[in-house]
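Here's the structure, in structure tokens; my notes come after.
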Amino acid sequence: MIFQILRFLLVITGTIVGVTLAYGITSTYENFLETENAELKLAALLGCIGYLFMSMAGRELQDWLESKIENTNSYDLAWGALGMVLGLISANLLFIPLYFLMYRGYGDVHFQNKFFQSLVPLFQLVIPFFFNLLFGFLGIRIIARYRSSQERLQPGAVGVPPKVIDTSAIIDGRFADLFRLGFIEGQMMIPRFVINELQFLADAADGTKRGKGRQGLNLLNKLTKEFPDQVLITSQDFPEVQEVDAKLIRHAKAHHSTIITQDFNLKRVAELEKIRVLNLNDLMNALKPIFVSGEEVEVQIIKPGKEAGQGVGFLSDGTMIVVEDGGDQIGKKVTTTVTNILQTTAGRMIFARIHPIQGGGPPAADKRKDHT
């Protein structure tokens with residue numbers, strides 16, 4: 001409601017200024033405007049221009065303020081409000097001598113044209129209002145700069161370091177469930193350049209990339225609405241750095257944060273920079289069920305293996321099972337016996353053989369036939 005009132009006041013002010021300027025111009029330069037009803041036509045023109053200009057400016061200002069408030073957590077909003085109050089107090093303290101001079105009549109501006117003179121009180125209100133807005137904005141920026149410098153000087157002040165997410169982890173989406181369940185603690189930081197990369201993917205011509213980009217943007221939109229105080233979109237950029245991964249590392253070092261990623265190469269580079277990394281694939285591998293040799297596992301063989309006679313299947317958690325004698329069972333669900341377990345950088349790989357009951361011997365009918 002307050003934004004609509006502000007937009008209405010801006011529109012009315014722009015229209016009044018436009019109409020008043022039109023009448024002032026026509027009354028001053030009436031010899032140059034010999035058109036019939038020139039003052040009315042010019043008043044309508046300038047009034048419409050003032051109305052349209054202030055209407056667009058008010059709409060842009062409203063959209064900007066609403067987006068800032070929606071994408072800023074309550075903690076930062078409280079500090080921003082404090083900075084604005086201090087800025088307004090400073091502006092009015094500095095304007096006290098000017099207010100005193102205006103009250104005593106000094107600095108009054110007089111125009112012979114009565115229409116121009118009618119605008120003087122309006123500008124006497126607008127100019128102090130403009131300086132109040134300017135000092136309020138400066139107060140917000142100064143408080144924000146002070147807080148960021150204090151956080152850099154005291155990296156250990158917060159018990160849980162913030163987390164910064166890269167594009168691969170956002171597209172995967174599993175971090176969101178871990179965050180909702182409380183397994184990922186602290187503030188979640190989403191750099192603007194990561195969002196730009198997701199937007200680039202969402203606009204790609206390739207359907208797969210476009211789907212991944214849109215999925216990541218939708219996930220971030222849900223998280224910012226569910227956790228406005230914990231999910232923070234940061235605008236800090238590093239123009240001198242071109243690659244997104246390098247920017248992510250610079251961002252993590254600047255904010256003493258932990259990187260959440262699925263990119264193996266990014267993990268290695270970040271570890272060289274002494275940055276803590278949480279790799280979702282490592283977490284999922286650690287949570288996979290543990291099998292021992294001799295244990296039975298039911299799996300559906302979906303494709304042939306690299307070696308002759310091998311078949312490959314996958315468990316529900318993505319663990320790959322290589323069935324040594326399952327090459328002729330593709331498309332079938334079989335019960336296998338675990339023979340060996342191999343841990344690789346990509347995850348855990350299980351080797352198995354088909355259970356002896358399903359071992360491929362001749363059917364009972366064939367045995368009876370051979371016996372007869």
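Quick notes on this one:
- Any hit, the range 317-330, residues being modelled with pLDDT of 85 or more, farther than 21 Å from S293 by Cβ and within 49 Å of the chain's Cα centre (by Cα): yes
- In the range 179-216, the residues that are hydrophobic (A, V, I, L, M, F, W, C), closer than 25 Å to K253 by Cβ and surrounded by 15 or more Cβ atoms within 10 Å (Cβ to Cβ): F179, I184, M188, M189, I190, F193, V194, I195, L198
- Residues of the range 220-238 satisfying the condition of being in contact (Cβ under 8 Å) with a residue 60 or more places away in the chain and either in a helix (DSSP H, G or I) or outside the structural domain of I275 (by TED's automatic domain parsing) (or both): T224
- Of L61, L98, L46, L82, all but one fail to be modelled with pLDDT of 75 or more and either part of a helix (DSSP H, G or I) or within 47 Å of the chain's Cα centre (by Cα) (or both); the exception is L82.
- Scanning the range 331-344 for residues that are at pLDDT 85 or above and hydrophobic (A, V, I, L, M, F, W, C) gives V334, V338.
- Looking only at residues in the range 164-189 that are in contact with a Ser or Thr (Cβ under 7 Å, 6 or more places away or on another chain) and not in a loop (DSSP other than H, G, I, E, B), the one that is modelled with the highest pLDDT is V164.
- Residues in the range 270-309 that are over 30 Å from K247 (Cα atoms) and in a helix (DSSP H, G or I): 1 in all.
- Being modelled with pLDDT under 70, of a type outside the set (D, E), under 25 Å from the mean Cα position of the chain (by Cα) and assigned by TED's automatic domain parsing to the domain that holds G139 is a property that N31 lacks.
- When restricted to residues that are touching a residue at least 12 places away in the same chain (Cβ under 8 Å), outside any loop (DSSP other than H, G, I, E, B) and surrounded by fewer than 17 Cβ atoms within 10 Å (Cβ to Cβ), the range 310-342 contains 7.
- Single condition V241 does not satisfy, out of (1) surrounded by 13 or more Cβ atoms within 10 Å (Cβ to Cβ); (2) hydrophobic (A, V, I, L, M, F, W, C); (3) assigned to a helix (DSSP H, G or I): (3)
- L217 satisfies every condition listed in (1) over 19 Å from S67 (Cα atoms); (2) at pLDDT 90 or above except (1).
- Selection count, the range 191-205, where residues are more than 10 Å from G216 (Cβ to Cβ) and in contact (Cβ under 8 Å) with a residue 12 or more places away in the chain: 4
The values are calculated or read from the model by the stated rules, or taken from the named source; none is laboratory data. Please read all numbers here as calculations on a predicted model, not as lab measurements. Ideal geometry is used to build each Cβ from the backbone, glycine not excepted, and the neighbour counts take in all protein chains shown.
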